[in-house]
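Nothing in this text is a laboratory measurement; each read-out follows from the coordinates by a stated rule. Just so you know, these numbers come straight off a predicted model, no measurement behind them. Ideal geometry is used to build each Cβ from the backbone, glycine not excepted, and the neighbour counts take in all protein chains shown.
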Amino acid sequence: MDQFTLNLIFVGVTFALYIGIALWARAGSTSEFYAAGRGVHPILNGMATGADWMSAASFLSMAGIIAFGGYETSAYLMGWTGGYVLLAMLLAPYLRKFGKFTVPEFIGDRFYSQTARTVAVICLIVASVTYVIGQMKGVGVAFSGFLNMSYSGGLWLGAAIVAMYAVLGGMKGITYTQVAQYVVLITAYTIPAIFISLQLTGNPIPALGLFSDTNSGAPLLEQLNQVVQDLGFKSYTAQSGSTFNMFLFTLSLMIGTAGLPHVIVRFFTVPRVSDARWSAGWALVFIALLYLTAPAVGAMARLNFINTIYPNGLQGESLKIDEQPGWMLNWERTGLLAIEDKNNDGHITYSANGEANEVVKLDRDIMVLANPEIANLPSWVIALVVAGGLAAALSTAAGLLMAISSAVSHDLIKGIINPGISEKNELLAARISMLVSILIATWLGLNPPGFAAQTVALAFGLAAASIFPALMMGIFSKRINNKGAVAGMLSGLIVTLVYIFLHKGWFFVPGTNSFDDADPLLGPIKSTSFGAVGALVNFVVAYVVSNATEDTPEEIKALVESVRVPRGAGGAVDH
Amino acid sequence: MADQNTTSESDKAYWAANVRTIAVILVIWAVCSFGFGILLRPMLEGIKIGGTDLGFWFAQQGSIITFLILIFVYAWRMNNLDRQYGVEEE
């Protein structure tokens, strides 16, 4: 059986499974559509959160970025896991106690202001749509690779599938489907990593293999450092860029993790306040299984890639142009990999020297998909990775679209514009807003502002600067009032958005940027790291404005005191 | 919110204990990630592990393992505090 048929079977079977589960658990009422009736066990909820969380950015993109970025890209690893500690201690239990359905609902009630609720909806939409752009990039890469079509063709096809899938189910359908998707994606990530780790180091656990000796006797990382430096690249394990930027980037990803609405709503669906704390722990367990493997996948993929180009060692003859393995030819067809024989010697040269380098384009997002082929693994492993990558992209895109649609239909339309809307029309509005977001994200995904994980990192910056500070101050301070929260959220969002647009183009339209991340506007601070600065602006502005204006009303102080204790949490309250 | 006007001294003490717990955990959280993984890495350079140094390990794996432990410690400790202050759910 050829690879293409096998891919089709694996993808087909897993998709049939997800759609089957979604239909079986189809949402009946609005409450089920948003929050699954609060009947989900912490371990299952943890798995579903894991699937929700680990998107195309984690699955497809991150290891590739680590492979070529080395030590500095550890920011992704620490940032996207460390945020769960913040979530578990600073937000999740209190928001569960509060007992409503959406993040803007909490902000609107706590800051006793429809304006605050509207601003929260805007922040949520800006961050989530940016996030979906990153997902669409991943979906496009995965589909173009597996169907041998152009990137834009794969992108539109993927968008159609995401749309169909997200509109069909609500949260309940999504929760159980996401448990299935977690199982598929973690298997798909781990199995090739185990094979590759065994090949290179003889250690079946990739996370340990990373720090083991290769078959030649030297430690893997030492060997990798040697070859990348011989090719003229920077050392893999050494710090080379700005420490301050790495610090801010990590912080920004951590705060953003705790501020992303599609993750926070997960904790609304557990039965009890104490389950919200355990759920955060379980979610991180399932996430860590992938995140501990990812750095090994990255380092090993880089080494295997170099060995493919230089099968006889760096001094020996390099790969002939017309002897390229099938995976290279396949990815060249998608336009995501490009080889050009500049010196016409019939061999490929790979080097840090731009003029000599003949691997003229290498999209980092293809590395995880190409990895099993680079290592010559059996074809069913390759098919499994394709299915896993799509599971990751699909599950997160669906969760984000849920968050966007509930913000629009529940908070904006039902909560503010037309409280008398019927349940049927509310669901209709939810589905229309999903479709509109998919269209916008796909169109912007044709020219994404970065690799999938970098685009997603921008979304984290936006969430960090706008939503997280408002939620945290809403719980930990009784003094922050409506004016302070609104001013804080708006200033955090706006400074971050402007900083990002200045570097990535206005509204992400390519070519409209005045600066770029190689030489950022403010010293070493790249646009992906600016979220931490935006969060600081948010905190300071909210504090200053609140203290300059009137105190919060007594009933709001009582509300804050009530969310701080678990007693009397009870079920969800709809209004 | 049935009980929003019943905040007692004991609830205040519960909250203070929670905030103290959070503060301690956040210090460990920051030291293991921002500290050992980034800012203090030069100080750990002498400790070699698998072809690189301990700071690299903390940045890529050690911090994640620490985060896991911290969340479970927090959840366990808060369950105890919930019972001790009588604020647990029915």
Output the Cα-based Rg and Dmax of the range A:98-215 in Å, rounding Rg to one decimal and Dmax to a whole number.
-> 20.8, 64
Aspartates and glutamates near A:Lys137 by alpha-carbon distance under 15 Å, same-chain residues fewer than 8 away left out - which ones?
-> A:Asp363, A:Asp365
Between A:Thr115 and B:Glu9, what is the spin-label point distance in nm, taking each point 7 Å from the Cα along the Cα→C-beta axis?
-> 4.1 nm
With contacts defined as alpha carbon pairs under 8 Å and 6 or more residues apart, what's the relative contact order of the range A:417-519 in percent?
-> 22 percent
Report, in cubic angstrom per residue, the convex hull volume of the C-alpha atoms of the range B:11-84.
-> 77 Å³
Going residue by residue through the range A:349-362, the Karplus relation 6.51 cos²θ - 1.76 cosθ + 1.60 with θ = phi - 60° gives ³J(HN,Hα) values, rounded to whole Hz and with x marking Gly or Pro, of 10, 10, 7, 6, 6, x, 6, 8, 4, 9, 8, 6, 9, 9
Round to a whole angstrom and tell me the spacing of the C-alpha centers of the range A:231-286 and the range B:26-59.
-> 18 Å
Along the three principal axes, how long is the range A:484-564 when you take its alpha carbons, biggest first, rounded to the nearest angstrom?
-> 51, 24, 24
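Calculate for chain B the 222 nm mean residue ellipticity that helices alone would give, adding -39,500 (n - 2.57) per DSSP H run of length 4 or more and normalising by residue count, nearest 500 deg cm²/dmol.
-17500 deg cm²/dmol
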Degrees separating the helix A:379-406 axis from the principal Cα axis of chain A, which is the longest one = 20 degrees
Mean Cβ count within 10 Å, highest first, over the residues of peptides A:301-310, A:46-55, A:431-440, A:503-512 = A:46-55, A:301-310, A:431-440, A:503-512
Tell me, what is the percent relative contact order of the range B:10-90, built from C-alpha pairs under 8 Å that lie six or more residues apart?
-> 35 percent
Taking the Cα-to-Cβ direction at A:Lys361 and at A:Glu555 and moving 7 Å from each Cα, how far apart do the two end points lie in nm?
-> 6.0 nm
Residue-normalised 222 nm signal for chain A, counting each DSSP H run of n ≥ 4 as -39,500 (n - 2.57), nearest 500 deg cm²/dmol, is -22000 deg cm²/dmol
Ranking of A:Val126, A:Val533, A:Val119, B:Val24 by count of other Cβ atoms within 10 Å, fewest first = B:Val24, A:Val126, A:Val533, A:Val119
Give the distance, in whole Å, between the Cα centre of the range A:360-392 and the Cα centre of the range A:502-575.
-> 37 Å
Could you work out the Rg to Rh ratio of the range A:235-290, with Rh taken as the Kirkwood radius (inverse of the mean 1/r over all Cα pairs)?
-> 1.15
For the range A:177-317, using Cα atoms only, the Rg and Dmax in Å read 19.2, 64
Could you tell me which of B:Val31, B:Met43, B:Ile71 has its Cα farthest along the dipole of the range B:11-84 towards the positive end, charges placed at Cβ (Lys, Arg +1; Asp, Glu -1), taken about the Cα centre?
-> B:Ile71
Enumerate the lysines that A:Lys97 could reach by cross-link, defined here as Cα to Cα under 17 Å, with residues fewer than 8 away along the same chain left out.
-> A:Lys478, A:Lys557, B:Lys12
Along each of the three principal axes of the Cα atoms of the range A:316-403, give the extent in whole Å, ordering the values from largest to smallest.
-> 53, 30, 20
Where does the range A:509-554 land on the Kirkwood hydrodynamic radius, alpha-carbon pairs, in angstrom?
-> 13.4 Å
Please give the helix B:63-84 orientation as an angle from the longest Cα principal axis of chain B, in degrees from 0 to 90, rounded to the nearest 10.
-> 20 degrees
Taking Lys and Arg as +1 and Asp and Glu as -1, residues besides A:Lys478 with C-beta under 11 Å from its C-beta add up to +1
Mind giving me the FRET efficiency for A:Ala548 and A:Asn215? R0 is 60 Å, r the Cβ-Cβ distance, nearest 0.05 is fine.
-> 0.35
Taking only Cα atoms, what is the 0 to 90° angle, nearest 10, from helix A:220-230's long axis to the longest principal axis of chain A?
-> 70 degrees
Between the residues A:Ile264, A:Gly217, A:Ser477, the Cα farthest towards the positive end of the dipole of chain A, that dipole coming from +1 and -1 charges on the beta-carbon of Lys, Arg, Asp and Glu, is from A:Ser477
Which of the aspartates and glutamates could a cross-linker span from A:Lys414 if the Cα-Cα distance has to be under 19 Å and same-chain partners fewer than 8 positions apart are dropped?
-> A:Glu32, A:Glu105, A:Asp109, A:Glu423, A:Glu426, A:Asp574
Any chance you could get the radius of gyration and Dmax over the Cα atoms of the range A:388-544, in Å?
-> 17.6, 52
Of A:Thr334, A:Tyr310, A:Leu44, whose Cα points farthest to the positive end of the dipole of the protein assembly as shown (charges on the beta-carbon: +1 Lys, Arg; -1 Asp, Glu; origin at the Cα centre)?
-> A:Leu44
As a Kirkwood estimate from alpha-carbon pairs, chain A has a hydrodynamic radius in angstrom of 24.1 Å
So what is log10(I(q)/I(0)) for the range A:378-455 at q = 0.12, 0.14 1/Å, when the Debye sum runs over its Cα atoms only?
-> -0.49, -0.62
Inter-centroid distance (Cα atoms) of the range A:424-491 relative to the range A:310-355, Å | 42 Å
Expressed in nm to one decimal, what extension gain is obtained for the pair A:Phe244 and A:Leu17 from 0.36 nm per residue of sequence separation less their Cα-Cα distance?
-> 77.2 nm
